[in-house]
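Following: one structure in structure tokens, then a few remarks.
Values in this text are rule-based calculations from the coordinates and carry no lab data. Owing to the predicted nature of the structure, the values given are computational and were not obtained by experimental measurement. Cβ coordinates were reconstructed from backbone atoms using ideal geometry, including for glycine residues, and neighbour counts include every protein chain displayed.
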Amino acid sequence: MLRKGHLQLDIFPEVYINVEELIPPKVIEPSIPEGETELVITGYHVTEENYGYYHQGKKRVTITFSNEQGQTFSQTYYIDKYNPNLAKFIYQVLGNIPEGEFSLKTLKGRKIRAFLYHNYTNEGRGYVNIASCEPIE
């Protein structure tokens with residue numbers, strides 16, 4: 001128990017890292033830059049996963065987007081009772097959570113304003129991801 005005037009040990013010691021060592025030797029930047037942009041949802045594809053314990057039998061939804069320059073990318077979500085990412089995306093696109101059954105066709109052709117960021121693999125390949133979005137009326 002600490003008492004007034006007693007020395008408290010440093011519970012979280014300072015840690016130094018060499019950031020340059022974290023960067024792969026060859027980084028492949030995505031062609032679509034990070035930041036705010038306007039996108040159109042151009043399509044979707046649903047597949048059933050057949051590998052691993054966690055993904056076995058789960059449906060994967062890949063949604064495709066394009067920007068004003070005609071560049072495309074896709075983002076993957078899982079239809080999973082306890083994974084809210086697809087529901088969050090649908091909520092951001094529509095502005096509400098649809099009641100009952102919902103057709104993904106409803107999303108096709110919708111315009112959104114999205115904030116994009118890049119994730120990288122250990123090999124340095126970059127991927128575009130949507131951090132958040134909102135509908136363009």
Original post:
Quick one: would you say ALA131 is exposed (fewer than 14 other Cβ atoms within 10 Å of the Cβ) and of a type in the set (A, V, I, L, M, F, W, C)?
Top reply: yes
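Would you say PHE115 is surrounded by 13 or more Cβ atoms within 10 Å (Cβ to Cβ), within 12 Å of the chain's Cα centre (by Cα) and not small (Gly, Ala, Ser)?
yes
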Original post:
Just to be sure, is THR121 within 16 Å of GLY43 (Cα to Cα) and exposed (fewer than 14 other Cβ atoms within 10 Å of the Cβ)?
Top reply: no
Subject >> All positions within the stretch 92-119 that are touching a residue at least 60 places away in the same chain (Cβ under 8 Å) and at positive phi >> reply: GLY109
Original post:
When the stretch 105-132 is examined, which residues are found to be under 20 Å from LYS88 (Cβ atoms) and charged (D, E, K, R)?
Top reply: LYS105, LYS108, ARG110, LYS111, ARG113
Subject >> Residues of the stretch 89-113 classified as closer than 14 Å to ILE63 by Cα and small (Gly, Ala, Ser), total >> reply: 2
Original post:
What number of residues in the stretch 77-112 are loosely packed, with under 13 Cβ neighbours inside 10 Å and under 13 Å from TYR44 (Cα atoms)?
Top reply: 3
